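One structure is given below, encoded as structure tokens.
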Amino acid sequence: MSSAPPPTAPRADILVRAARTEDVPGMLQVSNSSQEWLIAQGLASAKEQPPITPDRMGWFTKKAEQDADWDTNTGRIFVAEIGNLVVGWCMATLAWPPHLPDTDLSQLYLSAIYVHQEYMKQGVARALIGFLKTEAGMQHVELIRAECKRIDKLVQYHEAWGFTPVEYTGFAPDYEEKMQLFHMDLRPEDERD
Ligand SMILES: CC(C)(COP(=O)(O)OP(=O)(O)OC[C@H]1O[C@@H](n2cnc3c(N)ncnc32)[C@H](O)[C@@H]1OP(=O)(O)O)[C@@H](O)C(=O)NCCC(=O)NCCS
């Protein structure tokens, strides 16, 4: 008897929306719990990495909430909720960190994505990425960039979300030993190089 393929569509009850200051405790729980997943993937350094501090998370979220304009904001934050519970969040910006190569394309950079361990494998991250893609389309963004640690499962997830691994051409030493850069080209196929 053949087993059914795993579902790929997110659960229907996931709502994605801009983060608000009152979401901060839930967001911290999400990122703290997701560290366990990284440790299980063999990323020993996740044990030593301090969780994102409440102050820092609060500051970012307040800023993101007050300035909902992509052009001026240095990081917009979106939460995924099920019921009234924050189960995942991501951060994205039109700017990009200096170690990434320049691009002439209008771009969005995904700087963080976390899902609570108890809500992983239900399509929560996929729903966040889908939301971001729609936002990017509305902003006429041509390219979404993301990067992750070189962990097989993380690379596979990025590919499943629609990203393509690309060669890193920036100046950060040993980048490709540890990190993988991804592109999601949103231009129509006949307009790509
Ligand atoms: C990486 C991470 C964000 C993925 O979150 P996620 O919500 O589980 O990811 P997805 O939405 O893509 O779901 C993926 C899995 O769920 C399955 N799935 C998708 N929709 C589903 C559904 N409706 N029901 C059941 N399973 C589903 C997929 O088949 C996939 O399964 P697989 O692991 O066997 O391939 C999460 O594991 C995490 O927070 N990790 C720690 C932090 C981190 O590393 N962040 C990335 C930094 S770059």
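Which of the numbered conditions does Tyr114 fail, given that it passes all the others? Conditions: (1) closer than 21 Å to Gln180 by Cα; (2) more than 13 Å from the ligand (Cβ to nearest atom).
(2)
For Gly123, indicate whether it is surrounded by fewer than 19 Cβ atoms within 10 Å (Cβ to Cβ) and within 16 Å of the ligand (Cβ to nearest atom). Can you show your working first?
Numbers: surrounded by fewer than 19 Cβ atoms within 10 Å (Cβ to Cβ): no; within 16 Å of the ligand (Cβ to nearest atom): yes.
Judged against the criteria, Gly123 is not a match.
Checking the structure you have, find out if any residue of segment 92-100 is under 30 Å from Gln29 (Cβ atoms), assigned to a helix (DSSP H, G or I) and within 15 Å of the ligand (Cβ to nearest atom).
There is no residue in segment 92-100 that is under 30 Å from Gln29 (Cβ atoms), assigned to a helix (DSSP H, G or I) and within 15 Å of the ligand (Cβ to nearest atom).
Looking at segment 96-108, is at least one residue closer than 24 Å to Glu22 by Cα and out of contact with any helix residue (DSSP H, G or I) (no Cβ under 6 Å at 6 or more places or on another chain)?
No, every residue in segment 96-108 fails to be closer than 24 Å to Glu22 by Cα and out of contact with any helix residue (DSSP H, G or I) (no Cβ under 6 Å at 6 or more places or on another chain).
For the structure I just gave you, tell me whether Asp13 is of a type outside the set (Val, Ile, Thr), within 16 Å of the ligand (Cβ to nearest atom) and closer than 23 Å to Gly130 by Cα.
On the way: of a type outside the set (Val, Ile, Thr): yes; within 16 Å of the ligand (Cβ to nearest atom): yes; closer than 23 Å to Gly130 by Cα: yes.
It is true that Asp13 is of a type outside the set (Val, Ile, Thr), within 16 Å of the ligand (Cβ to nearest atom) and closer than 23 Å to Gly130 by Cα.
In segment 130-159, how many are within 24 Å of Arg17 (Cβ to Cβ) and within 8 Å of the ligand (Cβ to nearest atom)?
Final tally of qualifying residues: 3.
With respect to Ile113, determine if the residue is among the aliphatic types (A, V, I, L, M), touching a Phe, Trp or Tyr at 6+ places or on another chain (Cβ under 9 Å), crowded, with 17+ Cβ neighbours inside 10 Å and in a strand (DSSP E or B).
yes
Quick note: the coordinates plus some simple rules give every number you see, no bench work behind them. Everything quoted here is computed from the prediction, not taken from an experiment. As a convention, Cβ positions derive from the backbone with ideal geometry for all residues, glycine included, and neighbour counts pool all protein chains shown.
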